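Have a look at the structure below before the remarks.
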Amino acid sequence: MSSQATVAITPGRRLGLTQEYEAGTGTYVRNGIIYSSILGSKGIKEAEGSGNPTMFVERSNAKFAIPNIGSEVLARVVRINPRAASVAIMMVGSTPCQEDFQGVVRVQDIRATEKDLVQMINSFRPGDIIRAEVISLGDQRSYYLATTKNEHGVVFAQSAAGNTMVPISWEEMQDPKTGDVEKRKCAKAF
Amino acid sequence: MSANIIDRRRINGPQRSVEPIYPKQPTSTSSAGRPDGRAQNAVRPIFVKTGPLSPQASSAACPSGSAYYEQGKIRISCAIYGPRQGRKSNARMGAFDCDFKYAPFSCSWKRSHMRTSDEKEIALMLEQAISPAIRLEAYPKASIDAFVTVIESDGKAATISAAINCISAALVDAGIELYDSVAACSVALSGSQWIYDCTQEEEDKAECSLMMARMPSADEVTYLLQHGKTSPAQTEQAIQASAGVCTQVYAVICHYLQASLEQ
């Protein structure tokens, strides 16, 4: 998308027919016609394979995100009890949320194996930042999250002494200054 | 209403106040002309600025989108917060909530600091007019909140339609997915003729007013409000007239939105 004379597209503009294009982000389909749904510039992504090219509308400035089923989120642990951890969802993917959403990680969703032997106090502590996946839209108050995958879990935590800890295995983190080891369900670092 | 209640929390102005002496306005001599010299079918000039409440110093608690709207003497500002965690949290669709407030100095009489039932009713009208335009199924469990403040008002039906236009512009600025922007306009019956976009002075003399909110690209009317009594033929005439004016207002708002992006 280089410096062509881009006319800004306002919501509700007709962009194309569903016979010729796929509907991408920032668009919706009604009666076989693709319309724009946000203010932005029009773009066409070439088709991978034999399908139609995708028509999308994108905008450069920040758009706030909401969690959807299957999205990867970054959350801060607020409260723990033996059955579940309350978290505040701060980011969905790489877009921030306008205000923190409430989430819950139940103790059986922390690990994939040996779910009955998991203890919350050895997995998360209040103040930890975790990466998790949304598994359900949940109840009236919270989204349900899970950290069963290897790359999900604690990404940042501070020790009891207040220093940032480094993960040494999937279930332990170490304070580099004092040498103390604390148990957490760590995310696999890349 | 508030004449006997003394507001102890704020520094009060004098209980009695007198209007300043204004220079004489040139009044039109012919009875057919409008006081401000507009044509019968002319809408007041519109100005829209999006993003006046963007974060500058800190991003703490700043709105996702905002707009400032002027139409003649009407001045309205709107802030959109969202999508954020909803209180009712229906899993299927998001919710759109609107809060409407006249500033105490916005009308020619002093308005209350507290939200009155009038303002709550208008807030419900705005919700009903705007909700059909938002793609709420794209925001499950989330809530989109609009806060509208009328800085200066001039004609009730015209102010409500200006509020709808302002919220539309603010929603677009916030990047909320919409089916289309909503454009609104008002007409009033004076004698046997429908005059467009009335000021407070003209509205006081009119027998009936009609306000329409419309999505031009889908050709759908989202809200229709009539005050006063007319025959069905007259109402039909007003609806036809308003539909055309809504399209014009929509074009003006889109022009400002496009200009805001090209900055």
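None of the figures in this text is laboratory data; all of them are computed from the coordinates on show. Keep in mind it's a predicted model, so treat the numbers as computed, not measured. Neighbour counts are summed over all protein chains in view; Cβ atoms, including those assigned to glycine, are modelled from backbone coordinates with ideal geometry.
Two decimals, Cα atoms only, Kirkwood Rh: what is Rg/Rh over segment A:1-140?
Details: Rg = 20.5 Å, Rh = 18.0 Å.
Rg/Rh: 1.14.
Show me, for segment A:132-137, the HN-Hα J-couplings you get by feeding each phi into the Karplus relation (A = 6.51, B = -1.76, C = 1.60, θ = phi - 60°), rounded to Hz, glycine and proline as x.
Whole-Hz 3J(HN,Hα) from phi for segment A:132-137: 9, 10, 7, 9, 7, 6.
Under a point-charge model restricted to the Cβ atoms of Lys and Arg (+1) and Asp and Glu (-1), what is the dipole moment magnitude of chain B relative to its Cα centre, in debye to the nearest 20?
880 debye
For the pairs B:K88/B:K229; B:K24/B:K101; A:K149/B:K141; B:K73/B:K110; B:K73/B:K141, note any where the Cα-Cα span goes beyond 28 Å.
B:K88/B:K229; B:K24/B:K101; B:K73/B:K141
So for segment B:222-263, Kirkwood radius off the Cα pairs, Stokes-Einstein at 4 °C and 1.567 mPa s: how many µm² s⁻¹?
Estimated diffusion coefficient is 105 µm²/s.
What are the ³J(HN,Hα) values, in whole Hz, obtained from phi via the Karplus relation 6.51 cos²θ - 1.76 cosθ + 1.60 with θ = phi - 60°, for each residue of segment B:68-77 in sequence order, with x given for Gly and Pro?
10, 10, 10, 9, x, 8, 6, 10, 9, 10
Using Cα pairs under 8 angstrom and six or more residues apart, how large is the relative contact order of segment B:47-262, in percent? Don't skip to the answer; put the middle values down first.
Working: 470 pairs, mean separation 45.5, N = 216.
It comes to 21 percent, rounded to a whole number.
Once phi is turned into ³J(HN,Hα) by the Karplus curve 6.51 cos²θ - 1.76 cosθ + 1.60 with θ = phi - 60°, what whole-Hz value does each residue of segment B:100-108 show in order, with x for glycine and proline?
Per residue, the Karplus-derived 3J(HN,Hα) values read 10, 8, 7, 5, x, 9, 7, 10, 7 Hz.
Apply the Kirkwood formula to segment B:71-121: the hydrodynamic radius equals the inverse of the mean of 1/r over all pairs of different alpha-carbon atoms; give it in Å with one decimal.
In segment B:71-121 this quantity evaluates to 13.8 Å.
Magnitude of the Cβ-charge dipole of the protein assembly as shown, K/R +1 and D/E -1, about the Cα centre, nearest 20 debye? The partial results should precede the final answer.
Numbers: 48 positive and 47 negative charges, 197 e Å.
Magnitude of the dipole: close to 940 debye.
At 20 °C and 1.002 mPa s, grab the translational diffusion coefficient of the protein assembly as shown from Stokes-Einstein with a Kirkwood Rh over Cα pairs, rounded to a whole number in µm² per second.
Translational D for this selection: 85 µm²/s.
For A:D116 and A:I69, what does the FRET efficiency come to when R0 = 25 Å and r is the distance between their Cβ atoms, rounded to the nearest 0.05?
It comes out at approximately 0.45.
Could you state the number of Å between the C-alpha centres of segment B:88-136 and segment A:128-181?
41 Å
A:R14 to A:L137: extension gain in nm, 0.36 nm per residue of separation minus the Cα-Cα distance? Spell out each step's value before the answer.
Numbers: separation 123, 0.36 × 123 = 44.28 nm, distance 3.24 nm.
Here the answer is 41.0 nm.
Mind computing the radius of gyration and Dmax over the alpha-carbon atoms of segment A:123-190? Å is fine for both.
13.1, 43
Would you list A:S37, B:S17 from fewest to most Cβ contacts within 10 Å?
B:S17, A:S37
Kirkwood Rh over alpha-carbon pairs of segment B:47-262, then Stokes-Einstein at 25 °C and 0.890 mPa s: what D in µm² s⁻¹, rounded to an integer?
140 µm²/s
Please give the Cα centre distance for segment A:48-108 versus segment B:180-230, rounded to the nearest Å.
Their Cα centres are 43 Å away from one another.
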